[in-house]
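Presented below is the structure to which this report refers.
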Amino acid sequence: MQIAFFLPANKVPTSYEDVFRNTVSEAAKLGVNVFPTTVYADFETAIHNAVTTVWPGLEVNACLYILDRAGG
């Protein structure tokens, strides 16, 4: 299993698409094929749409990430 975290500058679907496409492109330069079978993401619809645009037919599972901003 591989895991990747992305922190885009905004939550626009095209920004997510750019991140995914650039990841695929850079990995290809290393001889690595990036074609996930499942993506886990929060409930942000922009990322779900971008995933299925870049990888049609891919399964997207939603999960809730809770960040403790108080630090404890």
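Taking the range 15-63, which residues are surrounded by fewer than 13 Cβ atoms within 10 Å (Cβ to Cβ), within 14 Å of GLN2 (Cα to Cα) and among the β-branched types (Val, Ile, Thr)?
If the condition is that a residue be surrounded by fewer than 13 Cβ atoms within 10 Å (Cβ to Cβ), within 14 Å of GLN2 (Cα to Cα) and among the β-branched types (Val, Ile, Thr), then VAL32, THR37, THR38 are the ones that fit.
Show the residue pairs that are 6+ apart or on different chains and have beta-carbon atoms under 8 Å apart, the first residue being within the range 1-22 and closer than 19 Å to PHE35 by Cα, the second being exposed (fewer than 10 other Cβ atoms within 10 Å of the Cβ) and not acidic (Asp, Glu).
Once the first residue is closer than 19 Å to PHE35 by Cα and sits in the range 1-22, its partners that are exposed (fewer than 10 other Cβ atoms within 10 Å of the Cβ) and not acidic (Asp, Glu) give SER15/ALA9.
Return a yes/no flag: does the range 34-44 have any residue that is in a helix (DSSP H, G or I) and either modelled with pLDDT under 90 or β-branched (Val, Ile, Thr) (or both).
No, every residue in the range 34-44 fails to be in a helix (DSSP H, G or I) and either modelled with pLDDT under 90 or β-branched (Val, Ile, Thr) (or both).
What pairs can you find where one residue is in the range 32-54 and without any contact (Cβ under 8 Å) to a residue 24 or more places away in the chain, the other is surrounded by 15 or more Cβ atoms within 10 Å (Cβ to Cβ) and of a type in the set (Gly, Ala, Ser), and their Cβ atoms are less than 7 Å apart, with a gap of 6+ or different chains?
HIS48/ALA41
The values are calculated or read from the model by the stated rules, or taken from the named source; none is laboratory data. Keep in mind that what you see is a predicted model, and the values were worked out from it rather than measured. Virtual Cβ from ideal backbone geometry, glycine too; neighbours counted across all protein chains shown.
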